[in-house]
Amino acid sequence: MARLRAEANASPAALGSQAGARGGFSVSGMGRGGVLKALRTALSLLVLALCTGDALLLPSASGAPASSRSKSTKARSWISDAHLSPRNRQRPYRKSTPYIILHTTEGGSKGSIAKLSKNGECNYVVDTDGDVYRIIERGRTAYHAGLSMWNGRTGLDSCSIGIEIVGYHNRDLTAAQYASLKRLLAELKAIYGIRDDRILTHSMVAFGNPNHWQKHRHRGRKRCAMLLALPSVRARMGLYAKPAFDPDVRAGRLKDADPELSTVLYRQGTPVPRPGTPAKTAAKTAAAPAKPAPAAPSTAATAAADAAAAVRAVSSATVIGPGRSAWDIARDAYNAPTTIYTFPNGTRKTGKEITQWKSIPPGTRVEIGIPPSENAPEGLLTIGEDGSAQDLAGDAMLASTTYYFPKKGPYQSGAELSLAAVDALPVGTRMLIGYKVVGPVTPRKPVFSLCGPRWNRSDTYYWDKTGHLVAGDEIGERSIPEGAFVFIKAD
Ligand SMILES: [Zn+2]
């Protein structure tokens, strides 16, 4: 009753905006004549829609949760729902979408698409034949970027759409893929108002925490989709601007751990002017001596030549040797179960089985399988620096294999916490994802009996009651404090 009176007293303008906001008619405040008029309008709209054959095919104009509407509203979409992720409905809606991030799957269609769908690791995937599949609805969060940073902002899953392209970071895409990407990007740019220079590659935004080879937080964790940074290649996707430099390396937030990659991302390639604009300095980024703008417009041939040159500019060696480590070759997949090391004597081991990174003999060949899930970033993570708990752990936020280490007090597993409790964890709380705990270490139960040869791996961590966490490769057998708990990667 109170509500009725309030609406009746409201000014017509206020009523209009309320009705508009709800997307329906507010009957309660209208007189009888008003109701009839509204019904007549609705009826004539319906008749009009039926006549034009557009019944119920309303475009979802806002980027907001339009996707949750009934199926009939997207019956004619050119994008297939054949591989919609079973995790789609659990995923939260993003608050804003200033970025699109492009990926290459580094594997063939079948395996890649199945894995992306199962884990909900992108919003769309573009197959080699140009078919586009929706994996996670565009307004919802997909876990595709992992440990990521751009312009100081971390956890880019919460502010970007992720598009996976079936293919490899060092191979050109198919013509059908370029055509589909152009159409898909045009639609998304229009819906969200995204600028061309905010359509980034995963290699631009991925960063790594310190590891066995890198002392600092670094760029170069991935080379994912690197060729899509080249101006002539971008032109094939209808993109005519790109970032001129890496803002996080420039600001000193990250070290550049792969200068070959940054050359491809920021300096190489033929500048391509937007069609219909007078040839101008298309890219301030080009380091090449300024010659007159190229006469030839963007063609597939130019893009292919630029891509080939870029591939030659980065090392694609797969054999470990002087100055070329497992990390140089496999990047963040160096310790993945899908990465295979073949030693000169013929022995084969997966990245997960290797413990002594220093003693891999030169001549060892490295093969990288389908990359590990971005959903489970490696190593010790810090809430606030690396992103929120949700950015980092995704669906595993409340899992028994996710551990939280506040600066003070005991550690807890995700299974012991509520969603609200995880949200309330202070900035600086550290996390391990995909782990199990053994211990405590006692004179009767030395560490080797608890976890075998894994005791000194760089991805094994020791926690003592003072809240101190130390990696296995930073600790000596004698310096392990009694009572320490040992965190090792879960199988
Ligand atoms: Zn990627």
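Some notes on this structure:
- Check on Glu164, under 20 Å from Ala142 (Cβ atoms), of a type in the set (Asp, Glu) and within 16 Å of the ligand (Cβ to nearest atom): yes
- Number of the exception - Ala293 against (1) modelled with pLDDT under 85; (2) within 17 Å of Lys349 (Cα to Cα): (2)
- Test: residue in segment 92-105 that is assigned to a helix (DSSP H, G or I) and either assigned by TED's automatic domain parsing to the domain that holds Gly387 or among the charged types (D, E, K, R) (or both): no
- A residue that is outside the structural domain of Ile370 (by TED's automatic domain parsing), among the charged types (D, E, K, R), part of a strand (DSSP E or B) and within 12 Å of the ligand (Cβ to nearest atom) cannot be found anywhere in segment 135-144.
- For segment 412-428, a residue qualifies if it is within 16 Å of Thr382 (Cα to Cα), under 23 Å from the mean Cα position of the chain (by Cα) and not in a loop (DSSP other than H, G, I, E, B), and the qualifying residues are Gly414, Val422, Asp423.
- Looking across segment 191-233 at every residue that is within 16 Å of the ligand (Cβ to nearest atom) and in a loop (DSSP other than H, G, I, E, B), the one that is nearest to Thr355 (Cα to Cα) is identified as Arg221.
- Among (1) in contact (Cβ under 8 Å) with a residue 12 or more places away in the chain; (2) more than 16 Å from the ligand (Cβ to nearest atom); (3) surrounded by 14 or more Cβ atoms within 10 Å (Cβ to Cβ); (4) not assigned by TED's automatic domain parsing to the domain that holds Gly220, the one test that Pro371 misses: (2)
- Hey, Leu156 closer than 25 Å to Ala114 by Cβ, more than 13 Å from the ligand (Cβ to nearest atom) and surrounded by 21 or more Cβ atoms within 10 Å (Cβ to Cβ) or not: no
- Residues located in segment 327-353, provided they are surrounded by fewer than 18 Cβ atoms within 10 Å (Cβ to Cβ) and part of a loop (DSSP other than H, G, I, E, B): Pro337, Thr338, Phe343, Pro344, Asn345, Gly346, Thr347, Lys352, Glu353
- Test: Thr350 is in the same structural domain as Lys436 (by TED's automatic domain parsing), among the polar types (S, T, N, Q) and either within 30 Å of Ala114 (Cα to Cα) or within 23 Å of the chain's Cα centre (by Cα) (or both): no
- Entry remark, segment 91-107: residues being farther than 20 Å from Val205 by Cα and loosely packed, with under 13 Cβ neighbours inside 10 Å number 1 in total.
- Residues in segment 429-441 that are within 18 Å of Ala490 (Cα to Cα) and part of a loop (DSSP other than H, G, I, E, B): Gly434, Gly439, Pro440.
- Yes/no for Arg253 being within 16 Å of the ligand (Cβ to nearest atom), within 28 Å of Pro372 (Cβ to Cβ), at pLDDT 95 or above and charged (D, E, K, R): no
- Among the residues making up segment 208-224, those that are within 18 Å of Tyr143 (Cβ to Cβ) and crowded, with 24+ Cβ neighbours inside 10 Å are Gly208, Arg221, Lys222, Cys224.
- Identity of the residue in segment 442-459, polar (S, T, N, Q) and touching a residue at least 40 places away in the same chain (Cβ under 8 Å), that ends up farthest from Ile488 (Cα to Cα): Thr442
- Subset of segment 388-411 (residues that are in a helix (DSSP H, G or I) and loosely packed, with under 13 Cβ neighbours inside 10 Å): none
The values are calculated or read from the model by the stated rules, or taken from the named source; none is laboratory data. It should be emphasised that the depicted structure is a prediction, and the values quoted were computed from it without experimental measurement. Cβ coordinates were reconstructed from backbone atoms using ideal geometry, including for glycine residues, and neighbour counts include every protein chain displayed.
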